[in-house]
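Let me give you the structure first, and then I'll get to my questions.
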Amino acid sequence: MKLLVIVKKPIGDLLNKLAMDFKKLGIEYKISDVYLAEKDFDIVLVIGEDRDVLKVFQEMGKDIKPVLGISIIGKEGFLTEVPIGSHQKYL
């Protein structure tokens, strides 16, 4: 599985923890702050808030990929349905 991780807000050491989790699970990943249309990814993981997920959909244009939104505010949102820290069971 190839994963594009888009981080729209500073998340500190959490990014290092996520990277270690991806390596443990054997997930190939790239971290960016914008959508990378020229790359071939299976899924896009957006870490932020609902508005960040919407921004990524705008950046995608017609190059639509499955998106999983991870909330950094401690509770799930409408588009960020996975609370931070619960990401492993969804990957």
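Would you compute, from DSSP H runs of 4+ residues alone, the mean residue ellipticity of the chain at 222 nm, taking -39500 (n - 2.57) per run and dividing by the full residue count, rounded to the nearest 500? Provide the component values of the computation, followed by the final result.
Values: 2 runs with 22 residues, N = 91.
Value at 222 nm, helices only, nearest 500: -7500 deg cm²/dmol.
If you take the Cα Rg of the chain and divide it by 2.2 N^0.38 Å, with N the number of residues, what do you get?
Details: Rg = 12.0 Å, N = 91, 2.2 N^0.38 = 12.2 Å.
Working it through for the chain, the quotient is 0.98.
Separate question: Within the stretch 9-91, how many Lys pairs that are eight or more residues apart, or on different chains, come under 23 Å at the alpha-carbon?
Qualifying lysine pairs in the stretch 9-91: 28.
By per-residue mean of other Cβ atoms within 10 Å, what is the highest-first order of 64-71, 10-17, 43-50, 22-29? Can you show the working numbers first?
Working: 64-71: 17.8, 10-17: 11.5, 43-50: 21.8, 22-29: 13.1.
For the peptides 64-71, 10-17, 43-50, 22-29, the packing ranking is 43-50, 64-71, 22-29, 10-17.
Over the chain, what is the relative contact order in percent, taking alpha-carbon pairs closer than 8 angstrom and at least six residues apart? Intermediate results must be reported in sequence, preceding the final value.
On the way: 150 pairs, mean separation 25.0, N = 91.
Answer for the chain is 28 percent.
Shifting gears a bit: Accessible area of the chain with a 1.4 Å probe: how many percent of it is carbon plus sulfur?
Ligands and nucleic acids excluded, carbon and sulfur give 53 percent.
With a 1.4 Å probe and every protein chain left in place, tell me how much accessible area LYS39 has, in Å² to the nearest 10.
100
If you take every DSSP beta bridge whose two residues both sit in the chain, what share of them, in percent to the nearest 5, is antiparallel?
Details: 0 of 17 bridges.
So the antiparallel bridges in the chain amount to around 0 percent.
Please give the per residue accessible area of the chain, computed with a probe of 1.4 Å over protein heavy atoms only, in Å².
59
The values are calculated or read from the model by the stated rules, or taken from the named source; none is laboratory data. What you are looking at is a predicted structure, and each value in this text was computed from that prediction instead of being measured. A quick note on method: Cβ atoms are made from the backbone with ideal geometry, for glycine too, and the neighbour counts reach across all protein chains shown. Heavy atoms of the whole protein, side chains included, go into the accessibility calculation; ligands, DNA and RNA do not. Shrake-Rupley method; radii C 1.70, N 1.55, O 1.52, S 1.80 Å.
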